[in-house]
Amino acid sequence: MASPAVASKFRAVLCRHCAKPIRVPALIMKKESEFQSLTDSSDIHYHLISRVFNVRCRSCERESVYSINQIVDYPFPLASSAIQRKAAAF
């Protein structure tokens with residue numbers, strides 16, 4: 001049986017306070033895709049989509065305002081057991 005492919009990246013913003021990645025909720029990702037698909041700035045729907053959102057960092061428990069333009073693909077970190085296995089292989 002083939003195992004399902006696991007994405008090696010996730011959409012995130014970097015915390016302004018501690019610089020750790022904060023995963024972006026699905027609702028914000030939907031807004032981002034809507035905003036990216038609209039290119040005509042004269043369209044009324046273009047102006048009604050909010051381009052900012054609040055999100056709380058789980059590491060430092062501080063909340064801040066972020067822009068849709070700050071969302072980036074962030075790679076999943078390797079699990080510590082995977083790093084240990086690689087080191088043991090050498």
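Bear in mind that the values in this text are calculations on the coordinates, not laboratory data. Everything numeric in this text was worked out from a predicted model, so none of it was measured. Methodologically, a virtual Cβ is constructed for each residue, glycine included, from the backbone with ideal geometry; neighbour enumeration extends over all protein chains shown.
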(message) Please give me the summed charge of the neighbours of E63: other residues whose Cβ is under 12 Å from its Cβ, Lys and Arg +1, Asp and Glu -1.
(response) +3
(request) Provide the net charge surrounding A26, with neighbours chosen by a C-beta distance below 14 Å and charges set as Lys +1, Arg +1, Asp -1, Glu -1. (result) +2
